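Below is one structure, written out as structure tokens; comments come after it.
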Amino acid sequence: MPQERLDFASDNTAGMTPEALAAMAEANTGHAASYGEDAWTARAADGFRDLFGCACEVFFVFNGTAANSLALAALCQSYQAVVVGETSHAETDECGAPEFFSNGSKLLPVRTEAGRLIPAALREAVERRSDIHYPRPRAVSLSNSTELGTIYAPDDLAALTRMAHDLGLRVHCDGARFANAVAGLDVAPAVLAQQAGIDVLCFGGTKNGIGLGEAVIFFDRNLARDFDYRCKQAGQLASKMRLLAAPWAAALASGSWLSNARHANTCAQRLATRLQRLPGVRLLQPCQANAVFVDLPQPAHDRLAAAGWCYYRFIGGSARFMTSWATTDAAVDELAAAVAAAL
């Protein structure tokens, strides 16, 4: 059997960047205060405040499921609901964690276009019913970049959040690939965050070379009240918080969080360009971040699998190829050649 190629299965398959690993090793030297009372956590939190230019509240948790689920729990009571996209991670890949940590808040999935929430669908979900027998919508969760590799244009995002606030909803952003969205649009992070009306952002680091540790950032500081207790109760308060925060502090100080995302996006665009040239290959979504979705005939899938290439068959059976900070031009070209041969 050929050795399995994991290069394009997910941006989770890449390890930590050398910078992140070095920062963690530095923080591992000697002794430091526990539970976030250390210098690295303070630097990382201040780094986010500088990045967004505001006095936001910052918390670090181990992974994206916890970040999204605890953030949504902070926005909703158990009898309330969260409007989510039908392809959202909260709806399809969190194993019921948002409902669990909110003690039962119901997710209301709505249709999307290219992974992006549609204002009309959001309004319909909120205004569908108002009787006491139906959970009252209290929040909306969007992903940027989306699960289909697309990005919200700033004006469209602001219009969506404005509608949400007018409808009485708080706005959560699943930013597992927020860095890729910022890099894809080449805008200041605040343009896709508090300036766009986002109340709480889960800024992902795992998929961007940090290794582990996501940042939950509250731009509405009132919503962060007692969030540290939620983290503790959920097993997300790291006793050695400096090991989660140190890579973030380094990435924010150097700007590598953005350069890593730019590299991943560029590799995805290189792959999309090469695949589009092949007869029989159809690009299913615009390549705006670090994901490439294509439609391939089944025999091509079989030949790629036999050759050891590993990637996900995604929504509707399409092939999803993900790039990361560690993807190389050579690997992109090798995959494109393999697809051509498989066809």
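The values are calculated or read from the model by the stated rules, or taken from the named source; none is laboratory data. Being a predicted model, the structure only gives us computed values, none of them experimental. For neighbour counting, all protein chains shown are included, and Cβ atoms are generated from backbone atoms with ideal geometry for every residue, glycine included. Keep in mind that these areas ignore ligands, DNA and RNA; they rest on the heavy atoms of the full protein, side chains included. Shrake-Rupley method; radii C 1.70, N 1.55, O 1.52, S 1.80 Å.
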Please work out the C-alpha center-to-center distance from the range 270-322 to the range 85-132 and express it in whole Å.
28
Could you work out what % of the accessible surface of the range 165-217 is carbon and sulfur, using a 1.4 angstrom probe and leaving DNA, RNA and ligands out of the count?
45
Not counting ligands, DNA or RNA, and with a 1.4 Å probe, what is Asp131's accessible surface area in Å² rounded to the nearest 10?
60
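Tell me the GluC sites (Glu not before Pro) within the range 1-105 that lie in a loop according to DSSP and have at most 16 other beta-carbon atoms within 10 Å.
On the way: sites: Glu4, Glu19, Glu26, Glu37, Glu57, Glu86, Glu91, Glu94, Glu99; in loops: Glu4, Glu37, Glu86, Glu94.
Qualifying residues, ordered by number: Glu4, Glu37, Glu86.
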Share, in percent, of DSSP beta bridges within the chain that are antiparallel, nearest 5
50
Exposure ranking of Ser34, Ser105 by accessible area [1.4 Å probe, largest first]
Ser34, Ser105
Can you spot the aspartates and glutamates whose alpha carbon is less than 14 Å from Lys106's alpha carbon? Ignore those fewer than 8 places along the same chain.
Glu86, Glu91, Glu94
Residues of type lysines that Lys240 reaches as a straight line, Cα spacing below 21 Å, ignoring anything fewer than 8 places off in the same chain
Lys232
Area accessible to solvent at Ile198, 1.4 Å probe radius, in Å²
10
Only helices counted: for the chain, with every DSSP H run of 4 or more residues adding -39500 (n - 2.57) and the sum spread over all residues, [θ] at 222 nm is -12500 deg cm²/dmol
Mean accessible area per residue over the chain (1.4 angstrom probe, all protein chains present, square angstrom) is 43
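Given a 1.4 angstrom probe, I'd like the percentage of the accessible area of the range 3-73 that is carbon and sulfur, rounded to a whole number. Could you put the intermediate results ahead of the total?
On the way: 1780 of 3360 Å².
For the range 3-73, the apolar C and S fraction of the accessible surface comes to 53 percent.
Looking only at the range 70-218, where both bridge partners belong to it, what percent of the DSSP beta bridges are antiparallel (to the nearest 5)?
Within the range 70-218, antiparallel bridges account for around 25 percent of the total.
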Rounded to the nearest 10 Å², the accessible area of Arg242 at probe 1.4 Å
20
